[in-house]
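Taking it in order: structure first as structure tokens, then the write-up.
The values are calculated or read from the model by the stated rules, or taken from the named source; none is laboratory data. Keep in mind that this is a model prediction, so the values were computed, not measured. With ideal geometry, Cβ positions are generated from the backbone for all residues, glycine too; neighbour counts draw on all protein chains shown.
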Amino acid sequence: MLSPLLKKLLFVRQFSIDEGKINVLGTDHIMLSSDALLKLQEIDSTKLYDLVKDSTFKQISDFVDHAQVYQQLKEVITLDITSLSKKLGPSEGIVKTIEEIFNIYGLGKLAILRLDNEKKQASVKIIDSSIAKSYLNKNKSRSKTAVCTITAAVLAGMFSYLFKKQVDAVEGRCKAKGNEHCEFIIK
Ligand SMILES: [Zn+2]
């Protein structure tokens, strides 16, 4: 199965995996296992957080730029993402678009619990975090702290773009700590 967003991107030739290349919206991607990413984030989690936050911010900008350039994409990403940050609210369509974009990263399934555009804050949960699952498989015991640094960084990058303000995502509950889901406060 393929996410609805990837199906649409495939249709307008903005997503391909062929000849040793994974391309999304004109940018090459590399697919790595969650085990490998878990090890990478253990090397220097602060630096990795900053790097992933920046690159996610850029990728969301690319989504918007492409949607502006290509009429096809504009129809594909049915909502005009550029207007998202202006009218973020409890609108179901906006929440759905953010969730769809996040869900192509393979980090787990995003559910937005609360969104406040005036205060520029949100809280979200991740169901079945890939990083937390790798941690539990590798360590065979629970972590004392939350472990999903890469996930936090991706969320920080996405919401910084949407809120037009630099925000960070802090993980409270984490599946690796024994909680049912991972939860992040973004502000
Ligand atoms: Zn977690």
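Structural remarks
- Unique match (being surrounded by 14 or more Cβ atoms within 10 Å (Cβ to Cβ) and either in contact with a Pro (Cβ under 7 Å, 6 or more places away or on another chain) or acidic (Asp, Glu) (or both)) among ASP54, ASP18: ASP54
- Scan of the stretch 137-150 for residues that are more than 15 Å from SER33 (Cβ to Cβ) and part of a helix (DSSP H, G or I), ordered by number: ASN139, THR149
- Matching residues in the stretch 24-44 - criterion: being exposed (fewer than 13 other Cβ atoms within 10 Å of the Cβ), in contact with a strand residue (DSSP E or B) (Cβ under 8 Å, 6 or more places away or on another chain) and among the aliphatic types (A, V, I, L, M): ILE30, MET31
- Test set (1) out of contact with any His (no Cβ under 9 Å at 6 or more places or on another chain); (2) more than 29 Å from ASN137 (Cβ to Cβ); (3) not hydrophobic (A, V, I, L, M, F, W, C) - GLY26 fails condition number: (1)
- Entirely in the stretch 21-82, the helices (runs of 4 or more DSSP H) that have 1 or more residues that are modelled with pLDDT under 80 and touching an Asp or Glu at 6+ places or on another chain (Cβ under 8 Å): 45-69, 71-76
- Looking only at the stretch 151-187, and only at residues there that are in a helix (DSSP H, G or I) and of a type in the set (D, E, K, R), the one that is nearest to SER34 (Cα to Cα): LYS175
- Search result, residues across the stretch 127-165 that are surrounded by 12 or more Cβ atoms within 10 Å (Cβ to Cβ), among the polar types (S, T, N, Q) and away from the ligand (no atom under 11 Å from the Cβ): ASN139, SER160
- Qualifying residue in the stretch 168-187 (condition: crowded, with 16+ Cβ neighbours inside 10 Å, at pLDDT 95 or above, aromatic (Phe, Trp, Tyr) and within 18 Å of the chain's Cα centre (by Cα)): yes
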